[in-house]
Each structure stands twice: as structure tokens, then as C-alpha cells.
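Chemist: My structure is below; once you've seen it, I'll send some questions.
The values are calculated or read from the model by the stated rules, or taken from the named source; none is laboratory data. A quick note: this is a predicted structure, and the numbers were derived from the prediction, not measured. Virtual Cβ from ideal backbone geometry, glycine too; neighbours counted across all protein chains shown. Accessible surface is based on the protein model in full, side chains and every heavy atom, while ligands, DNA and RNA are left aside. Shrake-Rupley method; radii C 1.70, N 1.55, O 1.52, S 1.80 Å.
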Amino acid sequence: MNVWLPTSPCTPEACAGHEGRTASVPHALLRLTAAAALILLGILGAPPARLLPAGPRHAVVRAWSAALVRAFGIRITVHGSPGPRGARLLVANHISWLDVPLVAAVLPSRMLAKSDIRAWPLLGRLAAQAGTLFIERDRIRALPATVSTLTGALLAGDRVTVFPEGSTWCGRDRGAFRRAAFQAALDARAPVQPVRITYARADGGPAGAPAFVGDDPLTASLWRTARARGIRAEVTLLPRIPPGRHTDRRDLAAAAERAVAARTSGRTALPDQPTGPPATARDSAKRPAASVHHWVSSSPAAASSLRTPS
């Protein structure tokens with residue numbers, strides 16, 4: 001394995017069990033069938049959807065993504081506000097393949113994904129049609145070009161989502177945020193919006209079923225998620241870090257990481273920023289080589305920056 005690829009200590013045996021009610025086998029099969037139908041619909045509908053203006057297109061993406069998450073029996077709760085429109089770098093903790101449609105259901109954006117995703121049946125084609133930005137994770141020399149691509153997308157006014165931990169974790173703990181993607185936000189002078197993702201059981205405890213960690217096969221993760229009942233996905237949109245607040249990508253990554261990890265009296269805030277708007281809710285989570293979306297380590301700094309080592 002490439003020494004630059006981050007890893008997580010989480011394993012399916014230790015982290016991905018489900019405590020609580022389970023759906024029957026026919027019910028789970030029905031959920032998987034509904035999800036497959038939605039993916040096919042997404043592939044067929046992506047080309048005409050790209051022709052729509054931004055507002056209607058984002059509404060379609062939100063509705064489709066929420067339906068996909070809901071097809072697995074998972075309810076969505078959103079806290080916080082997306083704030084003004086415009087380009088931004090969304091940075092979230094990474095638990096599952098479900099993170100991708102979950103974020104899109106709340107705030108549609110372009111995703112950063114490993115290049116292997118292109119070869120996945122159905123999902124690879126859908127990702128490409130959705131404007132996903134791909135990274136060759138095994139080639140550290142390709143990292144500056146990826147940062148340049150991210151910068152270009154932000155300068156063009158796009159929202160881009162990155163999972164800077166570089167690997168999936170179970171949700172009970174988190175990994176350090178790699179710094180390279182934050183250089184793109186600095187170069188584009190774009191705000192950074194931290195996003196916290198959690199999956200909870202009906203009793204409020206952390207849900208292990210959605211976790212996609214270690215050497216867990218995707219098929220096993222899909223089946224485990226389809227069998228689980230009473231899971232709620234929570235997305236917390238934390239206050240944005242405006243451009244200029246941090247001039248070094250190390251400090252910017254650390255501030256975003258602290259915001260995602262912080263929990264203060266049930267509310268969330270950046271250490272150097274006031275708490276955002278009141279929460280609102282509505283209904284509607286691998287090892288590096290096998291995760292859905294990953295980001296390679298930004299060390300050494302000289303190899304990962306287009307501009308200034310940190």
C-alpha cells in the first residue's frame with residue numbers, strides 16, 4: 001500500500017454492527033430494488049438535468065439524493081443553514097458511501113472521488129455525469145494537478161465537497177483532516193464550510209450499520225444498511241470560514257477539523273466564530289482502496305501544494 005494513503009483503525013467486526021430493530025428479508029430486498037431503480041433513473045435523467053438552470057437543477061439533485069437515502073429507510077435531519085449562494089469548499093467527516101447522496105440531498109455540489117470510481121458499474125457512469133472531480137490517489141505527483149482542478153472549479157463558482165480525512169471512520173472517532181484540498185480554497189479565495197455527518201439509532205446512540213470501513217465488501221455494507229431499521233442521518237452545516245481568516249492551509253484545515261469535532265451543549269460552532277442560525281429539521285455513512293470518496297495525505301507539503309509549502 002502507498003505510504004501516503006491514510007488509513008483508519010475501524011473494522012467491520014468492531015464498528016459496523018447494528019443494535020436495534022431489523023427489517024425482514026423481503027423488506028430489505030424491496031429497499032435495494034428501489035435504490036437500484038433510482039440509480040438507473042439518475043443515469044438516464046442526468047443528461048437532461050444538466051441542461052436546466054442552476055436552481056431547478058439543484059432542486060432535482062436534492063430530491064433524487066434524498067429519495068435514494070430514504071430508499072434505505074434512513075430519515076434525514078438537517079441542522080444549520082447553507083448561507084449565501086456561491087462557491088465554497090465543503091469539508092465533511094467520512095463514514096459511509098451514503099455520505100455522498102446525503103450531502104447532495106442537503107447541498108448539491110461537485111464531489112472529489114478516487115479515479116477508480118469511474119470503472120464502477122452504473123455508479124461510475126452516474127458519478128461522471130454528475131460532474132465528479134477524480135483524483136489518482138496512488139500518484140502523489142498528480143496531487144498538484146488535482147489541487148489546480150479544485151481551484152478552477154471554485155473560481156468558476158462551483159460548490160465542491162471533499163472528505164479530507166482520506167478514509168472512512170465509524171463515526172465514533174474521526175481522522176485528521178489532510179491539508180491539500182484547503183490550498184485550493186486559499187488559491188481561489190473561497191469560503192470553507194465544515195459539515196458534520198452522524199448516523200444515529202432510534203435510541204439516539206451511534207448507528208454502526210451505515211459504516212463502510214476496513215475490508216468491508218460493498219455488497220455486505222449495502223445489505224447491512226438495507227436490513228437496519230430506525231436509523232437517522234444528521235447533517236450539520238456549520239458556519240462558514242470566510243476567505244482571509246486563515247492564510248495557511250495547515251491552520252485552515254485545523255479550524256475546519258475542530259468545527260466538525262466540536263460539541264458544545266448540543267450546539268455547534270467554530271472556535272473563532274459565532275454560532276449559526278437555529279437548527280431546522282426535515283425528513284426525507286474503508287480502507288483507502290475501497291472507500292467511495294477519499295483524499296490523499298498532503299504531506300510532504302512540497303509535493304502537495306501548487307504555491308506555498310506549509
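Chemist: Write down the accessible area per residue of the stretch 197-248 in Å², having rolled a 1.4 Å probe over the full set of protein chains.
Modeler: 37 Å²
Chemist: Follow-up. Please compute the per residue accessible area over the stretch 2-82 with all protein chains in place, 1.4 Å probe, rounded to a whole number of Å².
Modeler: 53 Å²
Chemist: What order do you get for 95-101, 149-155 when each peptide is scored by the mean count of other beta carbon atoms within 10 Å, highest first?
Modeler: Output ranking for 95-101, 149-155: 95-101, 149-155.
Chemist: Express the carbon and sulfur contribution to the solvent-accessible surface of the stretch 47-88 as a percent, rounded to the nearest whole number, probe 1.4 angstrom.
Modeler: Using a 1.4 Å probe with all protein chains present, the stretch 47-88 comes out at 66 percent carbon and sulfur.
Chemist: Then there's this: Sorted by accessible area with a 1.4 angstrom probe, largest first, how do L38, L90 fall?
Modeler: L38, L90
Chemist: What order, most packed first, do the peptides 40-48, 58-66, 158-166 have when packing is the mean number of other Cβ atoms within 10 Å of each residue?
Modeler: Taking the mean over residues of other Cβ atoms within 10 Å, the ranking is 158-166, 58-66, 40-48.
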